[in-house]
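The values are calculated or read from the model by the stated rules, or taken from the named source; none is laboratory data. Please read these numbers as outputs of a predicted model, since none were measured by experiment. All Cβ positions, even for glycine, are placed from backbone atoms using ideal geometry, and neighbour counts span all protein chains on display. Heavy atoms of the whole protein, side chains included, go into the accessibility calculation; ligands, DNA and RNA do not. Shrake-Rupley method; radii C 1.70, N 1.55, O 1.52, S 1.80 Å.
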Amino acid sequence: MEQVLLFIYDNREIITIVILSIFLGIEVIGSVPSVLHTPLMSGANAIHGVVIIGAIIVMGKAEPDNYIALVLGFFAVILGTLNVVGGFVVTDRMLEMFKKKKKTN
Amino acid sequence: MQTHLLEIIYLIGSITFILGLKMLSHPDSARKGNLVAAAGMILAIVGTIFFYEDADHNKLGNYIWIFGGLIIGTVAGFFAAKKVQMTAMPEMVSLFNGMGGACAAIISIVELRHFFHHYNETEILGSSYPLLRGDIMTMVLGLIIGSVSFAGSMIAWGKLNGKVKDFAFPAQHIINIVLMIGVFALGGVLMFSGITAAYTWMYLILFVALVYGVLFVLPIGGADMPVVISLLNSFTGVAAACGGFLYHNSVMLTGGILVGSAGTILTILMCKAMNRSLLNVIIGSFGGSSTGSAVAGAAGDIREITMNDTAVLLSYSKKVIIVPGYGLAVAQAQHVCHELEKALEEKGVEVKYAIHPVAGRMPGHMNVLLAEADVPYPKLVEMEEINPEFSSTDVVMVIGANDVVNPAAKRDTSSPIYGMPVLDVENATTTIVMKRGMAKGYAGIENELFFEPKTRMLFGDAKATLQKLVAEVKAV
């Protein structure tokens, strides 16, 4: 019990951020029209590509003789980058069409 | 100094993600929102590479590897995203989502191995000391959620591009629940085991999580894939947040949790659009084994109509509503469809599009496709608004849509799609259904609409048929 309390106390700031972010996430997209569901999902998909930062840290910290960490880290960086770049470009392509249509009106 | 700067960069990154999501949910600012979030992401990545220091003030190394990975990923991601057909967008999103999940899982594996190795070597705690620590817990969670998201997304991707078929297996719910509980139980076992056994538990967790991801998505019907992708999307968000927890990295934490919660809400909104609960989607295995009942219900004669009659009928109507579906998208017929609309407008016919919330393969997918073909925005009318208009409509053209116009959703309580809101096309004077053949829709059920006395069938490939129809209409 004490350990659990201590864990919560040690991470109180992070836990606060997590809880506030949960509510923020709900609020921020609460009133999205269904037209934008797909682009929003795609945009959110790109944003969780922020996991790339973890991959960069893993890669950067790997000792030069630790081949498993090097290879896995390298894959992680590639996969994370794919998620970020692909995600944002696909979203932009979807939204580009909405914009073009607006101009013609 | 540099670490302080990095914290501020991360703060800016977090703000851009919040702003980006906010702007993405409004049509006017959506595109800018995407760019704002992308800018924040680039800032966070560059900041991490150059300013990151660990607890002992060591900077990152292996720059060649980092930049190599970034370049390969950027080039591959950019071209994949630029080249993909608009119709294949949903599976692309699923694929990228899987990449993110795999990335999170790999981070956990490397960090866990690092941790085990470190503790084994220093032997501060002895080899049998339980690994009951918060950071181990987040690593294990990241491993589980990331792996499930990766495996699930790959199956969803395969299903959407037709490589993987729906597959229901006996006792699937029980097996899946056991697997889900099992994988978390294994995580608990790892935390209470000694360091020597931990490697084995870690790989076992990875294996079970991958199997669970596959079996979790496999029985869910293709029609529910958007919901599943959205759900897996929020999973990956949580997996990314686990990484943020591990590194005490604020931008990973806020980004991941934001996507986790926003993704969950989006998933629920999508379920609502189909009038189903999330639980129902996950355990219902829609379109799988439970659809046998509806087949017997609808049968009878269908009435075909010729191309020429269709053209005449359309040209002398006052009001035509086009109901586009995935069939139109697959045939790449959205541009020809727009031509038909223009040809009819020149003859003074009022043309509108009825957009079902889940038309296509994802909510909003059809809007994107028609926008690509330059169809003006005010012509795309959402379901609630257009449903009262059908009774004053002369002709409804259903192009490659099926389940979203099935009246069984309103009448037949035994139908698997009962309760799903549908377009009331049967209220129009005449309904013309343009289809390749009598194949069933994605839900795998018969459509009573095709046998209604007011319905006419026009068989053929959507694009070829529409092209001929445009010529005929112009000739009338």
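The figures follow:
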| quantity | calculated |
| --- | --- |
| Of residues in the range B:109-136 being at pLDDT 85 or above and facing chain A (nearest Cβ under 9 Å), the one most open to solvent (accessible area, probe 1.4 Å) | B:H114 |
| Complete set of residues in the range B:358-375 that are touching a strand residue (DSSP E or B) at 6+ places or on another chain (Cβ under 7 Å), in contact (Cβ under 8 Å) with a residue 40 or more places away in the chain and either open to solvent by 10 Å² or more (accessible area, probe 1.4 Å) or at the interface with chain A (Cβ under 8 Å from one of its Cβ atoms) (or both) | B:V375 |
| Residue in the range B:303-321 that is modelled with pLDDT under 80 and either in contact with a Leu (Cβ under 6 Å, 6 or more places away or on another chain) or open to solvent by 50 Å² or more (accessible area, probe 1.4 Å) (or both) present | no |
| From B:L380, B:L449, B:L423, B:L458, residue being within 15 Å of B:L313 (Cβ to Cβ) and assigned by TED's automatic domain parsing to the domain that holds B:L340 | B:L458 |
| Residue match in the range B:155-167 (condition: in the same structural domain as B:Y203 (by TED's automatic domain parsing), under 17 Å from B:C103 (Cβ atoms) and open to solvent by less than 50 Å² (accessible area, probe 1.4 Å)) | no |
| Test: residue in the range A:73-80 that is at the interface with chain B (Cβ under 7 Å from one of its Cβ atoms) and aromatic (F, W, Y) | yes |
| Residue within the range B:334-343 that is farther than 14 Å from A:H37 by Cβ, among the polar types (S, T, N, Q) and surrounded by fewer than 23 Cβ atoms within 10 Å (Cβ to Cβ) present | no |
| Helices (runs of 4 or more DSSP H) contained entirely in the range A:1-50, each with at least 3 residues that are more than 7 Å from chain B (Cβ to nearest Cβ) and either aromatic (F, W, Y) or out of contact with any Gly (no Cβ under 9 Å at 6 or more places or on another chain) (or both) | A:2-10, A:12-28 |
| Subset tally (residues that are within 27 Å of A:N45 (Cβ to Cβ) and either modelled with pLDDT of 95 or more or among the hydrophobic types (A, V, I, L, M, F, W, C) (or both)) for the range B:52-62 | 1 |
| Selected residue [in contact with a Pro (Cβ under 8 Å, 6 or more places away or on another chain) and among the aliphatic types (A, V, I, L, M)] from B:L35, B:L19, B:L24, B:L5 | B:L24 |
| Residue pairs meeting the criteria (Cβ under 8 Å; at least 6 apart or on separate chains; first under 21 Å from B:I265 (Cβ atoms), in the range A:13-24; second small (G, A, S)) | A:I17/B:S250; A:V18/B:A241; A:S21/B:S261; A:I22/B:G260; A:I22/B:S261; A:F23/B:S261; A:L24/B:S261 |
| Filter result for A:V58 (within 7 Å of chain B (Cβ to nearest Cβ), under 19 Å from B:A38 (Cβ atoms) and either open to solvent by 10 Å² or more (accessible area, probe 1.4 Å) or β-branched (V, I, T) (or both)) | no |
| Enumeration of residues in the range B:87-104 that are more than 7 Å from every other protein chain (Cβ to nearest Cβ), of a type outside the set (D, E, K, R) and open to solvent by 10 Å² or more (accessible area, probe 1.4 Å) | B:T87, B:A88, B:L95 |
| Answer from B:M438, B:M457 - the residue that is closer than 26 Å to B:L160 by Cα and of a type outside the set (V, I, T) | B:M438 |
| Residues of the range B:51-64 satisfying the condition of being loosely packed, with under 14 Cβ neighbours inside 10 Å and not charged (D, E, K, R) | B:A55, B:H57, B:N58, B:Y63, B:I64 |
| Residue in the range B:68-86 that is open to solvent by less than 80 Å² (accessible area, probe 1.4 Å) and more than 9 Å from chain A (Cβ to nearest Cβ) present | no |
| Condition check for B:L206: farther than 17 Å from B:G260 by Cβ, of a type in the set (A, V, I, L, M) and open to solvent by 10 Å² or more (accessible area, probe 1.4 Å) | yes |
| Flag if A:L70 is facing chain B (nearest Cβ under 7 Å), assigned to a helix (DSSP H, G or I) and surrounded by fewer than 24 Cβ atoms within 10 Å (Cβ to Cβ) | yes |
| Every pair of residues 6+ apart whose Cβ atoms lie under 6 Å, when the first sits in the range B:29-56 and is more than 7 Å from chain A (Cβ to nearest Cβ) while the second is hydroxyl-bearing (S, T, Y) | B:V36/B:T16; B:G40/B:T16; B:E53/B:T3 |
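Rundown of residues vs (1) in contact (Cβ under 8 Å) with a residue 40 or more places away in the chain; (2) within 9 Å of chain A (Cβ to nearest Cβ); (3) farther than 27 Å from B:E448 by Cα, yes/no style:
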| residue | (1), (2), (3) |
| --- | --- |
| B:K342 | no, no, yes |
| B:K352 | no, no, no |
| B:Y377 | no, yes, yes |
| B:N387 | no, no, no |
| B:D394 | yes, no, no |
